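Novice: This structure is in structure tokens; I'll ask about it shortly.
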Amino acid sequence: AQSVSQHNHHVILSEAASLELGCNYSYGGTVNLFWYVQYPGQHLQLLLKYFSGDPLVKGIKGFEAEFIKSKFSFNLRKPSVQWSDTAEYFCAVIPGYNTNAGKSTFGDGTTLTVKP
Amino acid sequence: DTGVSQNPRHKITKRGQNVTFRCDPISEHNRLYWYRQTLGQGPEFLTYFQNEAQLEKSRLLSDRFSAERPKGSFSTLEIQRTEQGDSAMYLCASSTQGAHEQYFGPGTRLTVT
């Protein structure tokens, strides 16, 4: 069964610091990869996604993620965080072998607190 | 607002009672998903529909849980004989076929006392 591991449960940064959140998945085949964000009091929303092509993908609000197939990783990065980035971040994977596949597997999330 | 909506937003019930939640997806989305989320964990897949067909169901979904999407639009998730362990946030999401990115609703928080 596929699984997603997010190594950092809680990250605390000061504004303008750089961010990297780790995500590793266990699935040997083609995958679709996602980062979702949940701001306080709001519902989950898509931050960025990788299906194929350029392994460096850019999302909203200056976030980017890099897919490294050999490491089964899809780490999220942002060069300079803002207080408004305080949120919970979830990595998710869907097997890409079948366009009918719909089951997402989520990691347990990383809570990011940005101090002003 | 044309996003995914869920009702009710909160439900408190006594152990042993049945509860039903409703999800209205984005209108042009033919896929609909149900997840359960407990504190400190990510969403756990329960089941998903493509139009009215239920295509996959997690082993987490015991026989007390049933989901329907009778006309391929809104969906209901029913939990029979609720247990305290059913207390969680129940999330609904929708997507178009093949797009995979899912749009989430606000969730229904269930508390079983």
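The values are calculated or read from the model by the stated rules, or taken from the named source; none is laboratory data. Just so it is clear, the model here is predicted, and its values are computed rather than measured. Here the Cβ positions follow ideal geometry from the backbone for every residue, glycine too, while neighbour counts run over all protein chains shown.
Novice: If I filter region B:1-23 down to residues being free of Cβ contacts under 8 Å to residues at least 60 places away in the same chain and closer than 19 Å to B:SER95 by Cα, which single residue comes out as nearest to the other protein chains (Cβ to nearest Cβ)?
Specialist: Initial filter on region B:1-23 (free of Cβ contacts under 8 Å to residues at least 60 places away in the same chain): B:1-2, B:20, B:22.
Then drop every residue that is not closer than 19 Å to B:SER95 by Cα, which leaves B:1-2, B:22.
Values: B:ASP1: 12, B:THR2: 14, B:ARG22: 16 Å.
Ranking the qualifying residues of region B:1-23, first place goes to B:ASP1.
Novice: Would you check which residues across region A:1-16 are more than 14 Å from chain B (Cβ to nearest Cβ), part of a loop (DSSP other than H, G, I, E, B) and touching a strand residue (DSSP E or B) at 6+ places or on another chain (Cβ under 8 Å) and list them?
Specialist: Across region A:1-16, the qualifying residue is only A:GLU15.
Novice: How about region B:1-25: which of its residues are at pLDDT 95 or above and either on the phi > 0 side of the Ramachandran plot or assigned to a loop (DSSP other than H, G, I, E, B) (or both)?
Specialist: Result: B:VAL4, B:PRO8, B:ARG9, B:LYS14, B:ARG15, B:GLY16, B:GLN17, B:ASN18, B:PRO25.
Novice: Also, quick follow-up: Kindly state which strands (runs of 3 or more DSSP E) lie completely within region A:31-116 and contain at least 1 residues that are closer than 29 Å to B:ASN30 by Cβ.
Specialist: Counting at least 1 such residues, we get A:31-38, A:45-50, A:56-58, A:64-68, A:73-78, A:87-95.
Novice: Scan region B:57-79 and give yes if some residue there is small (Gly, Ala, Ser), within 22 Å of A:ILE94 (Cα to Cα) and at the interface with chain A (Cβ under 10 Å from one of its Cβ atoms), otherwise no.
Specialist: yes
Novice: Are any residues in region B:81-106 β-branched (Val, Ile, Thr) and modelled with pLDDT under 95, and if so, which ones?
Specialist: B:THR96 - this is the single residue of region B:81-106 that is β-branched (Val, Ile, Thr) and modelled with pLDDT under 95.
Novice: Here is a check on your reading of the model: is A:LYS49 out of contact with any Gly (no Cβ under 9 Å at 6 or more places or on another chain), within 14 Å of chain B (Cβ to nearest Cβ) and within 23 Å of B:PHE49 (Cβ to Cβ)?
Specialist: no
Novice: Also: Return the residues of region B:89-113 that are of a type in the set (A, V, I, L, M, F, W, C) and within 14 Å of another protein chain (Cβ to nearest Cβ); say none if nothing qualifies.
Specialist: Within region B:89-113, B:MET89, B:LEU91, B:CYS92, B:ALA93, B:ALA99, B:PHE104 qualify.
Novice: If you scan region A:52-64, which residues turn out to be within 14 Å of chain B (Cβ to nearest Cβ) and either crowded, with 17+ Cβ neighbours inside 10 Å or modelled with pLDDT of 95 or more (or both)?
Specialist: Step one: list which residues in region A:52-64 are within 14 Å of chain B (Cβ to nearest Cβ), which gives A:52, A:57, A:59-60.
The answer is A:VAL57, A:GLY59.
Novice: Can you tell which of B:LEU32, B:LEU39, B:LEU61, B:LEU77 is touching a strand residue (DSSP E or B) at 6+ places or on another chain (Cβ under 6 Å) and without any contact (Cβ under 8 Å) to a residue 40 or more places away in the chain?
Specialist: B:LEU61
Novice: Could we say that A:ALA92 is touching a residue at least 12 places away in the same chain (Cβ under 8 Å), away from chain B (no Cβ under 11 Å) and small (Gly, Ala, Ser) here?
Specialist: Spelling it out, it is not the case that A:ALA92 is touching a residue at least 12 places away in the same chain (Cβ under 8 Å), away from chain B (no Cβ under 11 Å) and small (Gly, Ala, Ser).
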